[in-house]
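Visitor: I have a structure here, written as structure tokens, and I will follow up with some questions on it.
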Number of protein chains: 2
Amino acid sequence: MSVLVVGSAALDSIETPFGKADDVLGGSAIYFSSAASYFTNVNVVAVVGEDFPLQDIQYLKKRNVDMSGLCVERGKTFRWGGKYDFDVNDRTTLYTHLNVFENFNPTIPENLKDVPYVFLANIQPELQLKVLNQMNKPKLVVMDTMNFWIEGRPDALRDVLKFIDILIINDSEARLLAQEANLFKAAPIIRKMGPRTLVIKKGEHGAMLITNGSYFWAPAYPLEELYDPTGAGDTFAGGFVGYLAKSDDISSANLRKAVIYGSTLASFCVERFSVERLKNLTEPEIESRYQEFKELTIFE
Amino acid sequence: MSVLVVGSAALDSIETPFGKADDVLGGSAIYFSSAASYFTNVNVVAVVGEDFPLQDIQYLKKRNVDMSGLCVERGKTFRWGGKYDFDVNDRTTLYTHLNVFENFNPTIPENLKDVPYVFLANIQPELQLKVLNQMNKPKLVVMDTMNFWIEGRPDALRDVLKFIDILIINDSEARLLAQEANLFKAAPIIRKMGPRTLVIKKGEHGAMLITNGSYFWAPAYPLEELYDPTGAGDTFAGGFVGYLAKSDDISSANLRKAVIYGSTLASFCVERFSVERLKNLTEPEIESRYQEFKELTIFE
């Protein structure tokens, strides 16, 4: 099955303790499709400016990522600048220039309205709902959001959550959304808002999958260096949704595997700047790391 | 195989959002033996004052805990008062009255010098070394410590660490001991100090076992309420060492099982005040929760 992602395409400038990168590929739709395309066909709906280096995403086209929904608008591409300290959980946004992304108004091309697996990356909840209203009953809708919308657009967020199957958020966002500090209490509160399944990302502590009364605890890969954490969340989502779409199986057991594929792709993502590490992965590399994740938690 | 624990016996006064308990059983040796005695014979070396309610530890004697190393000294028992907020990771010590524990000078009775499994609970490192010097080549020495000794007695701590097989500490202590924020970098630094194996406790994020180049990632039990977190670490150690001694198997695979038994016992501990929940567990209860831990992390 194929996947549709609606999100951002950006040019990021990143400083980490390991170096600097200027105007490199970024944005949720780019990271997501870089990961998901290892599993299945991906269709991107996003907007870029005239300055976007289209040649830099040739690697995606070679992996059957359909870019026909990528609009090139007059103006500049969305730009983000950020800096990470040695504690990579601590990130400072240096600037956010929305540019053409400010008026992003996603229109789903006719030929994509039947795509069965949909990922709504972190954009304004009103736009997420607008995307869903254009789709013909997708089989699975997965969504991301952030504290900015949880605090700033609570009503619109509640409106779209009603139509979501799986919500992927981080632990602090889950606490904020549920207004509850204990994650095991927060989860049922969020599930009542719509999404039957939650994936709560906990950074260096791994991720948790919460379905009906069942918890799955996924480890994080033991990385001595996080070269650049930018995009890890969208890469996780790409591995997760990409694997689900490929297997076309949303059973509880398969959701667990999807979480590990998401974690696997994210663990590669942070090993280099931008999407560098996601450009040339091989299937054996992915499978071998998947096995490493298994060895992290197995016991008799 | 039997176990020797050298640690504290205390009377704790605890306030949590769920209630209050005054002068209840506490101390590392009490929590440890309450847990370890589900697996094997335990010998306690500790000191109490004349006011210690010996009748309250009858439940331990019934479970073959040998208390012949428990000295009753003139004076009062070690007392600790603490308060937990809704965020149970945030604990305030209201008072610490060392009382007879101030002059604790552990002497190992002749008949205990050959006990093969030794747990050195969190006491002054000089005393931990003194205990080891009295023992006849134990098969396995497991140790706990805390930031107070890491900062206050660094040299004495290094001296004893040389003779330790397994060090159990929490994540912030590991960072402090290694002077390194990244746990995967901190671990090899600590292992060079002596202990070939580390267990790093991460509270609500579970625990990590680090042996020679191999990581094991244990989940935390999904608890909606932590009634009283006091003693969870010593209870973990009790389940961990108790299971190892019972099986007399310190292979990598069995260490993993031991971490889960430790986590299992600790998950019971925090469900009630003091050692209440550890008094009357049944084997089926323990085994059933062990299985729940397995279901938390299993995937194909």
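Visitor: Could the peptides A:127-138, B:240-251, A:254-265 be put in order, highest first, of the mean number of other beta-carbon atoms found within 10 Å of their residues?
Guide: Order by mean packing, descending: A:254-265, B:240-251, A:127-138.
Visitor: Please state the equivalent ellipsoid semi-axes for the stretch A:3-297: what are the square roots of 5 times the Cα gyration tensor eigenvalues, largest first, in whole Å?
Guide: That gives 25, 23, 20 Å for the three semi-axes.
Visitor: Can you tell me the relative contact order of the stretch B:1-80? Whole percent, Cα pairs under 8 Å, sequence separation 6 or more.
Guide: Details: 161 pairs, mean separation 28.7, N = 80.
RCO, the stretch B:1-80: 36 percent.
Visitor: Rounded to the nearest 20 Debye, what is the dipole magnitude of the protein assembly as shown about its Cα centre when Lys and Arg each give +1 and Asp and Glu each give -1 at the C-beta?
Guide: On the way: 62 positive and 78 negative charges, 155 e Å.
Value, rounded to 20: 740 debye.
Visitor: While we're looking at this one, here's another question. Take the residue pairs B:K137/B:K257; B:K137/B:K201; A:K202/B:K246; A:K130/A:K201; A:K139/A:K192; A:K192/B:K83 and return only those whose Cα atoms are more than 30 Å apart. Could the numbers behind the result be given before it?
Guide: Details: B:K137/B:K257 25 Å; B:K137/B:K201 27 Å; A:K202/B:K246 35 Å; A:K130/A:K201 26 Å; A:K139/A:K192 20 Å; A:K192/B:K83 33 Å.
With Cα atoms farther than 30 Å apart: A:K202/B:K246; A:K192/B:K83.
Visitor: Expressed as a fraction of 2.2 N^0.38 Å, the rule-of-thumb size for a compact globular protein of N residues, what is the C-alpha radius of gyration of the protein assembly as shown?
Guide: Relative to the rule-of-thumb radius for its length, the protein assembly as shown sits at 1.07.
Visitor: Can you tally the net charge around B:N105? Count Lys and Arg as +1, Asp and Glu as -1, for every other residue whose Cβ sits under 15 Å from the Cβ of B:N105.
Guide: -1
Visitor: Another one. Going by C-beta contacts inside 10 Å, put B:R191, A:R196, B:R63 in order with the fewest on the left.
Guide: Working: B:R191 18, A:R196 12, B:R63 15.
Lowest to highest Cβ neighbour count: A:R196, B:R63, B:R191.
Visitor: Over the residues of the stretch B:52-189, compute the C-alpha Rg and express it relative to 2.2 N^0.38 Å.
Guide: Its radius of gyration relative to the 2.2 N^0.38 Å reference: 1.20.
Visitor: Further question: What helices does chain A hold that run 15 Å or longer along their axis, going by alpha-carbon atoms, with a Kyte-Doolittle average of -0.5 or more, using DSSP H for the helix calls? Display every interim value, and only then the final one.
Guide: Numbers: long enough: A:232-247 (22 Å, 0.45); A:252-269 (26 Å, 0.57); A:283-297 (22 Å, -1.51).
Taking the DSSP H segments of chain A (at least 15 Å long, mean hydropathy at least -0.5), we get A:232-247, A:252-269.
Values in this text are rule-based calculations from the coordinates and carry no lab data. Please read all numbers here as calculations on a predicted model, not as lab measurements. Here the Cβ is made from the backbone with ideal geometry for all residues, glycine too, and neighbour counts use every protein chain on show.
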